[in-house]
Structures are given as C-alpha cells and as structure tokens.
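Participant: Let me begin by handing over the structure; questions about it come next.
No lab work stands behind these numbers, since they all come straight from the coordinates. Here the structure is a predicted model, which is why all the values come from computation and not from measurement. Don't worry about glycine lacking a Cβ; one is built from the backbone with ideal geometry, like all the others, and counts go over all protein chains shown.
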Amino acid sequence: MGAVNGTEPLRVEIGGIDVEVPEGASLLAAVRAAGAELPALCSDDRLSPAGSCRTCLVRADGRIVAACVTPAAPGVRVETDTDDLRQLRRDTVELITSALPSRALTEDNPSELAQVCRSLGLGPETAQGTGGRGEDVSHPYVHLDRDLCIACGRCVRMCAEVQGTFALTLTGRGADTVVAPGTGGPWAESDCVACGGCVDTCPTGAISEPGPGRGLTSAHRPAATRTTCGYCGVGCSLDVVTSDGEVRAVLPARDGPVNQGHACVKGRFAHGYLTSPERLTRPLLRRDGRLEPVGWDEALGRVARGMRAAVAAGGADAVAAISSARATNEENYLVQKFLRVVIGTNNVDNCSRLCHSPSAAGLTASFGLSGGTDSFDDVERADCLLVVGANPVEAHPVVGARLMRRVLRGAKLVVADPRAVGLALHADVHLRPRPGTNVALFHGLAHVLLAEGLADEGFLRERVTGLPELTELLEDYPPDRVAAITEVPAADLIAAARLYGRALRPAIVYGLGVTEHLHGTDGVRSLANLAILRGAVGTDRGYGVNPLRGQNNVQGASDMGALPDLLPGYGKVTDPAARARVEAAWGVRVPERPGLRIPDMFAAARAGALRALWVIGEDVCATDPDANQVARALEACPLVVCNEVFLSETARRADVVLPVASWLEKDGTFVNFDRRFQRVRPAVSPPGEARSDFDVVRALADVMGVDLGCPTPADALAECARVTPVFAGLSHDRLDREGDVPWPCPDPDHPGEAKLYKERFATPDGRAHLTAAPYLPPGEQPDDDYPLVLVTGRRWAHYNSGSMTRRGGNLALDPIDFLDLHPDDALRYGVRDGAQLTVESRHGEARLVARVSEQTAPGQVFCSFHFPASGVNRLTSDHADTVTSCPEYKVTAVRVGAP
C-alpha cells in the first residue's frame with residue numbers, strides 16, 4: 001500500500017495483523033481496516049470523534065483506551081478480542097441500555113444499538129427503563145422519541161459539522177440529558193432543514209423517519225437501487241429502498257462522490273408525489289374544450305396528425321419542442337434527434353435558456369467549453385471562496401453544507417448577493433450590490449486586482465489575450481465609482497478583492513444571480529475575468545469558475561444538443577463538419593439554420609407562425625417570464641402537447657397531455673453541475689399507463705413512420721458517444737462499473753477531465769479570453785409608480801414550480817409563498833408582517849403574504865416561484881439577456897398594496 005492522501009501510511013498491528021492507515025487515522029479506523037468490528041455508539045466516520053460512550057475499548061500497548069479518540073501511532077500493538085475487553089464493552093453497553101425501555105431492543109429493531117446488543121448477547125430484558133420522557137412528532141419527516149435517546153451527541157455533531165445548521169443541542173443533566181431543537185419548542189418550528197442527517201446517524205432510533213422508512217439509516221439498510229437525485233443539479237447519489245413496488249425510503253449513499261452520505265429535504269424525503277392521487281396515469285385529449293382520458297394510440301395519432309398538418313401549413317419550422325432539464329440525457333438526445341430527423345427543424349430548446357444559457361455562452365467565450373472549470377472536490381479545497389449570486393444553503397443544500405464546512409475550517413469567504421441569507425451570514429465580506437449591477441461590481445474587483453499587483457503576470461503573458469483592452473476599460477471602474485453604481489461601499493469592495501487576490505487557491509462559485517439579467521453573459525465573462533487575472537484556471541493556483549446548475553439535468557440537456565443552434569457536444573449547426581458527424585449516423589440532412597429559442601417560440605405562436613409546440617416536463621405557464629404572454633401563445637398555437645407527471649398550469653392549456661415517468665421511474669444518465677455523467681436507475685414502475693419520455697418519443701416517431709434507432713437508453717448514449725468527441729468514452733456499462741465520469745472524456749480508457757485547461761484552453765487560439773464589456777443598466781428601473789425592485793429565486797423546501805414538493809410533507813414545512821421586504825419598506829407602505837398583499841408590476845400582478853425581515857435591503861423585495869397560484873411570473877418582464885435570451889428574473893420594478 002502506498003501513500004494515502006499524499007502522506008506516508010502508518011503501520012499498526014491489530015490483533016496480530018499488520019494494517020496500514022493514513023496519518024491522523026484513529027485506532028478505530030485501524031481496527032476496521034483489519035476487518036474487526038467494535039461497537040462505537042457515539043462514532044460516525046463523517047463526524048469528529050467524541051469518545052463519550054466508551055463502547056469501543058481496546059488495549060493499545062498495554063493501555064485500555066477508547067479507539068475512536070485515540071490516534072494511531074507507528075508500530076502500536078492493539079488487542080481487541082480478549083475476554084476482559086469483551087466483558088468491559090458488554091458491561092458498558094449494558095449500562096447504556098439499562099435506562100432504555102424494552103422497545104429499544106426488540107428482535108425486529110434494526111437500530112445500531114439493537115444490533116450491537118444482539119452481537120454481545122444482550123436481550124430485550126437488558127432494557128429496564130420505564131420511559132415517560134415523551135415524543136415530538138410535530139415534524140413531517142423527523143420524529144423524536146426521547147425515551148430512546150442515549151445522549152451520544154451524534155445528531156448534534158451531524159447537524160453542526162456536516163449540515164452546518166446548528167439546529168440541535170443536548171439539554172438536561174446526567175441521566176436526563178436528551179437531544180432537543182436548539183430553539184426550544186416543537187421540532188417543526190426549529191431551524192431544522194430536514195436534511196435527514198440526524199436520522200441517518202442516530203444509533204438507537206430516537207430520531208427516526210416516520211412511516212415505512214422508520215428504522216432505516218444510511219449505514220443500516222436492506223438492498224436498494226442506486227440512482228441519482230432528480231431535484232437540483234448537485235447530483236447526489238441515493239439508495240432507494242422499495243417494498244411491494246413502492247418506495248419505502250430514499251437514503252443518501254455513504255460513498256456518493258458528491259454528497260458523501262448527505263442529502264437535503266428534497267432528495268431524502270420529498271418522494272410522496274410518486275403515489276399522489278393527482279398523478280397522470282392515462283393520456284388526455286381535448287374534446288369540446290375538455291381534457292378526456294384516451295388510449296395511447298389515439299393520443300399519439302392526434303399528435304402525429306397535428307404535427308403533419310403544421311408542417312403542411314407552415315413548413316418544418318412551424319413545429320417546435322421545449323425539451324426538459326428534468327429528463328435524462330438519453331431522453332434529451334432523442335428529443336433533439338426527433339426534431340431534426342422526423343420534422344427537419346432545429347426548433348428545439350430547453351430550460352437552460354431561462355437560467356444558465358449565459359453560463360454556456362460566457363464560459364465558452366472565456367475558456368472554450370460550456371461547463372464549470374473544476375470539480376467540486378477541488379473547489380472544496382480552496383482557501384478563499386467567492387460565492388456570487390447564489391444561495392446554495394437553500395437552493396443546493398448539499399453544496400451549501402460542504403462550503404460551510406470549508407469556511408468553518410478556516411477558508412475565507414466573500415459573498416456577493418443582495419440578500420443576507422445562507423452563507424452570507426458567515427462571510428468575511430458580504431457585498432450587497434443593487435440588482436442589475438454585477439458587471440460594474442466585477443470590474444471594480446478586477447480594478448483592485450490590477451491596481452494592487454494581485455494579478456498573475458506570467459499567466460497573463462503566456463496564456464491570456466485581451467489584457468490591454470480590459471486594462472483600459474477598468475480605468476473607468478475605480479472603487480468609488482463602482483460604489484456609486486452598485487451601492488457597495490468602496491472599502492468592502494477593496495477588502496473583498498484583497499481576500500480573493502491574496503489567496504493561494506481561490507475558487508469562484510456562482511448562480512442565477514449572475515445569469516438571469518439583461519446582460520447576464522457579460523456578467524459571466526466579467527466574473528471569469530477575475531479568475532483569469534489571478535491565474536486560477538487550469539493551474540494549481542486556484543479552482544476557476546463554477547456555476548451551480550438549478551435543475552437536475554440542466555447541464556446534460558444542453559450537452560445532448562437540445563438547443564436551437566447547437567448539436568450534441570456543442571457542435572454548431574452552422575458548422576458543416578459538426579453536421580456531417582450527425583448526418584452520417586442519422587442518415588438525413590440536418591438544417592443549417594439555427595432554430596427558435598423558447599421566447600421566440602412563444603412569439604411565433606402568438607404571430608401564427610408556430611403551429612405545433614411540444615412541451616416536455618416544463619410548466620412554462622408557471623416558470624417562464626411574463627406568464628400572461630406565455631398563456632396567450634399557448635392559446636394561439638393550434639397544437640400544444642405536454643409530457644407531464646401532473647396536470648400543471650401548462651398541461652391544462654394543452655390539446656394532448658401524455659403521462660410520463662418521474663426520475664425515480666427512469667433509466668439513463670444525468671450530468672451534474674461539475675460535468676459528471678451519473679447513472680439514473682428505475683426504483684419503481686410508473687403508475688398506470690404512464691411511460692418514460694424516452695418511450696414516448698420513440699413511439700411518436702414510429703407513428704410518424706420514422707425509426708429513430710436507439711431502442712434503449714444505453715443505445716442512445718452509445719450513439720451520442722459516436723457522434724460527439726467530448727463524450728466518446730462514455731457508456732452505461734462503463735458508468736455501471738466505475739461510477740461517475742466527468743466530460744470531456746474522449747475515449748473509453750480516459751478518466752475524464754475533472755479539471756479543465758491544464759495545458760491549453762479550448763478556444764481557437766488556445767488562450768483564455770478576457771472581456772472588456774462595459775456596465776450597462778438593467779432592463780427595468782424602479783420609479784415613483786413602481787418603487788421596489790423584485791428579485792425571484794428558490795427556497796429550501798421546494799423546487800421550481802413545486803409540482804413534486806407541494807405534494808408531500810414539504811408543504812407542511814413551507815405552506816405559502818411569501819414576499820420578503822425590509823422593515824423600512826413595510827413602514828413606508830403600511831405593510832404588516834403576515835398581511836395579504838397584491839404585488840403589481842408593469843406586466844401583471846400576484847398575490848403574496850408579507851414577511852418583514854432584514855434579509856432584503858431597503859427598496860428590494862424577494863419571493864419564490866414555487867406556488868403557481870400566486871402568479872409570481874405574471875410580474876416578470878420579457879427583458880432578456882442580449883446574447884442568449886435568458887430572462888431578467890432578477891430585476892422587476894413592482895409596487896405593493898392591499899389585496
């Protein structure tokens with residue numbers, strides 16, 4: 001065995017067996033490496049050691065010690081299996097269990113404590129406690145049975161060290177010590193974010209998941225299906241335990257490469273939608289103004305006739321499809337192939353248009369490829385984190401927790417976000433720019449980097465272009481002028497630039513607060529300037545620029561070519577060589593003219609030019625901007641087809657609704673935010689007659705007389721690998737054998753490039769490109785009629801339009817849509833906390849409930865878009881990024897008033 005984690009291993013003798021463990025390992029780790037088992041009721045290898053239960057006693061060089069808190073030392077000799085040690089451990093466990101009620105040790109109890117007792121020959125009679133400390137069952141996902149608590153502290157450490165929420169504590173003294181929410185009161189009213197970590201680590205079942213998942217933890221579980229979470233783009237590995245065809249529990253995989261045994265409330269618990277009575281189980285066809293159940297043959301026949309009629313009336317470009325960032329890579333690949341092969345148009349797009357299309361455009365222009373530059377494992381090693389326009393604690397909780405851990409261990413943190421939430425509360429410097437001023441903010445930071453000699457001159461000279469132009473531009477962005485534009489104090493701007501500029505290994509992580517602007521692509525490129533100036537891309541001097549993807553497969557949907565101007569692997573439809581690759585595989589000509597983007601599709605429908613629109617897994621009436629205009633487009637289009645899990649606001653306006661499988665019912669792959677291809681496997685079957693999107697696309701092509709090939713998802717990825725050089729080394733078989741693989745991956749023996757640009761950038765000249773884009777104001781400005789600036793975003797308990805998370809226990813955690821506003825604004829406009837409000841913009845109105853706090857700055861308000869009935873996206877405008885058409889969700893002028 002060689003060096004472990006860059007250090008020489010230690011050799012330890014365990015019961016006569018020599019083992020090697022990394023420096024810093026405990027004797028408990030060494031014992032387990034030797035294949036021996038010890039009870040360790042206060043220990044979890046994800047947590048710091050506590051040594052409180054004394055059940056892991058061993059003899060080390062003659063001394064009896066607790067193995068979990070005793071570091072391994074070179075040459076130490078450890079005994080674990082002598083009679084006296086076994087009796088000591090048995091006595092310790094017997095003492096612990098003596099205060100518990102008998103139900104703690106029943107024969108069918110799967111808890112760690114019960115299993116330890118059985119291994120030591122201790123039966124239910126050992127538990128002599130009378131109980132009476134009571135339960136807390138107020139929370140939908142986490143129940144507390146105080147009588148089973150042994151005060152080991154694992155749950156408290158899990159909440160603090162892994163999740164970073166600090167919601168739990170131990171209260172009481174002596175034998176009365178018990179876990180409790182740190183705020184006092186019921187669990188449901190605490191700061192708990194329901195990550196499930198306390199459930200997973202509890203050794204006794206004192207903290208458990210109610211219902212069929214009770215007693216299951218990430219360490220003790222029956223056989224399960226390994227899959228990848230279908231909520232946000234983090235890509236958590238999950239183990240799905242099923243029984244009689246239904247999900248019993250969803251548990252975080254202890255060896256998950258991204259989540260490392262952790263999860264969030266959505267991936268861990270929000271699977272109740274699977275059995276919702278509102279699931280669509282049969283196709284629906286509109287007749288006489290009503291949607292009625294029909295068979296698949298009739299539904300697909302209607303779609304095929306409608307698409308043929310659209311082509312006959314307006315040509316191939318009269319048909320369009322909005323593919324899905326919720327669907328698998330293979331489904332997205334098949335959708336774009338259907339449009340290009342069956343219909344003969346490039347009119348295909350996906351919801352990355354509405355969130356991260358500026359990332360694709362900006363990162364490609366700066367570096368050459370559309371993904372983040374580094375793996376998250378590397379980002380987590382940074383000594384300075386610049387987190388911009390993102391609230392990962394709520395929107396990407398597992399990433400947020402890992403970043404929090406890094407900060408708690410000493411990394412410097414700069415947060416640039418208008419709101420004081422999440423990581424911003426722990427930042428060394430919190431920059432609160434006025435919404436819409438990102439480009440000026442980033443230029444101000446770059447100005448300081450150059451002015452104070454914090455740029456990497458060698459890197460700029462050898463690997464970068466555009467420095468003279470940027471240097472000239474930055475003369476107009478000194479800290480004082482930037483402060484006037486952004487309302488960020490000049491001293492804070494300088495302090496932030498120095499933290500980032502003086503770090504040895506800085507990293508940038510950003511979100512939709514950068515992209516969803518009129519000048520979002522300029523924002524991404526200006527942010528990338530900072531990493532380029534520091535030489536922190538493609539080197540060992542930093543970890544680049546990394547976008548947090550919103551939906552589970554936003555990256556993959558674009559990777560697969562579900563875009564109007566790009567083919568799989570980002571070949572341009574205008575590039576003859578890129579077209580030739582797919583034409584050779586598909587056997588048809590591919591149109592060379594780019595198709596319609598999503599906003600253009602709606603405009604064409606309103607104008608009568610688009611006559612058939614296929615919407616796959618997106619509730620565009622709830623999530624797209626200027627929702628009133630979206631609804632008018634659907635009403636004007638002669639044929640609207642929806643693939644959906646539930647009857648969404650969009651599906652209600654469709655002519656044909658096709659019931660489809662959810663992510664727990666699908667086979668394929670996703671690509672997460674740091675470019676990892678990850679396997680998705682079906683844990684249960686879809687209900688009724690619902691089918692996967694993959695099967696629906698193939699079936700429709702068959703009805704239209706075209707064989708798309710790719711009979712299975714594995715075949716679809718294999719075909720994509722043949723026509724796409726950057727994915728050539730990927731396959732289902734390989735992912736099943738090896739686990740996650742990042743792209744680019746040019747051949748089956750290539751490990752994939754987790755860190756990009758180590759030798760050259762992927763731009764035509766091989767250099768990183770600085771941009772000198774001037775600051776331009778946002779599309780909307782507040783005025784006397786609309787004096788407040790609305791920012792929209794996500795909250796921790798829900799996901800997008802809430803179609804899945806509102807059909808389960810998450811609704812109890814976050815039951816209504818709030819409008820957050822500052823106390824000064826509440827006073828100015830006579831708004832009481834908890835009052836019903838009408839929010840009006842120049843485009844529409846919404847109904848929300850006021851929540852007064854200092855999370856938002858004066859003059860700004862914030863709300864989510866998780867409750868379609870509130871009508872939030874009736875407020876947002878049709879202003880969009882000038883390069884990519886990404887909507888300006890982050891700046892809308894509004895006013896508030898009584899309902």
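Participant: Can you give the translational diffusion coefficient of region 10-81 in µm²/s, computed by Stokes-Einstein from the Kirkwood radius over Cα pairs at 10 °C and 1.306 mPa s?
Facilitator: 135
Participant: Mind checking the angle between helix 490-502 and the chain's longest principal axis? C-alpha axes, 0 to 90 degrees, to the nearest 10.
Facilitator: Taking Cα atoms only, the helix is inclined about 70 degrees.
Participant: A further question follows. Which peptide among 401-410, 324-333 comes first, and what is the full order, when sorted by highest mean count of other Cβ atoms within 10 Å? Don't jump to the answer; show the numbers that get you there.
Facilitator: Details: 401-410: 18.1, 324-333: 30.6.
Per-residue Cβ counts within 10 Å, averaged per peptide and sorted highest first, yield 324-333, 401-410.
Participant: Considering the Cα trace of region 788-897, what is its radius of gyration and what is Dmax, both in angstroms?
Facilitator: Cα radius of gyration and Dmax of region 788-897 are 13.9, 41 Å respectively.
Participant: Something else now. To the nearest Å, what is the center-to-center distance of region 75-108 and region 787-832, using C-alpha atoms only?
Facilitator: 50
Participant: Using alpha carbons only, how many angstrom separate the centre of region 753-785 from the centre of region 131-167?
Facilitator: 46
Participant: Taking the inverse of the average 1/r across all pairs of different Cα atoms in region 131-269, what Kirkwood radius in Å do you get?
Facilitator: 15.2
Participant: Just check region 251-391 against the gyration tensor rule for me: Cα atoms, a ≥ b ≥ c as the square roots of the eigenvalues, rounded for a/c under 1.5, and otherwise prolate or oblate depending on whether a/b exceeds b/c.
Facilitator: Because a/c hits 1.5 or more and a/b fails to exceed b/c, region 251-391 counts as oblate.
Participant: Let me ask another. Ranked from highest to lowest mean number of other Cβ atoms within 10 Å per residue, what is the order of the peptides 729-737, 528-536? Please list the in-between numbers first.
Facilitator: Working: 729-737: 17.4, 528-536: 26.8.
Packing proxy ranking, top to bottom: 528-536, 729-737.
Participant: What ranking do 182-192, 341-351 get when scored by the average of other Cβ atoms within 10 Å per residue, highest first?
Facilitator: Result, highest mean Cβ count within 10 Å first: 341-351, 182-192.
Participant: Using a/c under 1.5 as the rounded threshold, could you call region 23-165 rounded, prolate or oblate? The axes a ≥ b ≥ c are square roots of the C-alpha gyration tensor eigenvalues, and prolate needs a/b larger than b/c, oblate otherwise.
Facilitator: Working: a/c = 2.55, a/b = 1.39, b/c = 1.83.
Oblate, because a/c is 1.5 or more while a/b does not exceed b/c.
Participant: Also, quick follow-up: Once Rh is set to the Kirkwood radius over Cα pairs, what Stokes-Einstein translational diffusion coefficient, in µm²/s, holds for region 368-547 at a temperature of 20 °C and a viscosity of 1.002 mPa s? Mind dumping the intermediate values first?
Facilitator: Details: Rh = 15.9 Å.
Stokes-Einstein gives a translational diffusion coefficient of 135 µm²/s.
Participant: Next question. Could you go through region 31-45 in sequence order and give the Karplus-derived ³J(HN,Hα) for each residue, using 6.51 cos²θ - 1.76 cosθ + 1.60 with θ = phi - 60°, rounded to whole Hz, and x for Gly and Pro?
Facilitator: 4, 5, 5, 7, x, 8, 10, 10, x, 8, 5, 9, 10, 8, 5
Participant: Turning to a different aspect of this structure: So what does log10 I(q)/I(0) come out to for region 122-166 at q = 0.15, 0.23, 0.24, 0.27 Å⁻¹, using the Debye formula with one equal point on every Cα and no solvent?
Facilitator: Taking Cα atoms of region 122-166 as identical point scatterers yields -0.56, -0.96, -0.99, -1.05.
Participant: Return the whole-Å distance between the Cα centroid of region 227-268 and the Cα centroid of region 181-221.
Facilitator: For region 227-268 versus region 181-221, the Cα centre distance is 16 Å.
Participant: Exactly which trypsin sites (Lys or Arg not before Pro) in region 813-899 are in a DSSP loop and have at most 16 other Cβ atoms within 10 Å?
Facilitator: Sparse-neighbourhood loop trypsin sites (Lys or Arg not before Pro): ARG832, ARG842.
Participant: From the C-alpha coordinates alone, can you work out the Kirkwood hydrodynamic radius of the chain, in Å?
Facilitator: Result for the chain stands at 28.9 Å.
Participant: With N set to the residue count of region 835-877, report its C-alpha Rg divided by 2.2 N^0.38 Å to two decimal places.
Facilitator: Region 835-877 yields a ratio of 1.15.
Participant: Sticking with this structure for a sec: Give me D for region 456-521 in µm² s⁻¹, whole number, from Stokes-Einstein with Rh from the Kirkwood sum over alpha-carbon pairs, 25 °C and 0.890 mPa s.
Facilitator: The Stokes-Einstein estimate is 171 µm²/s.
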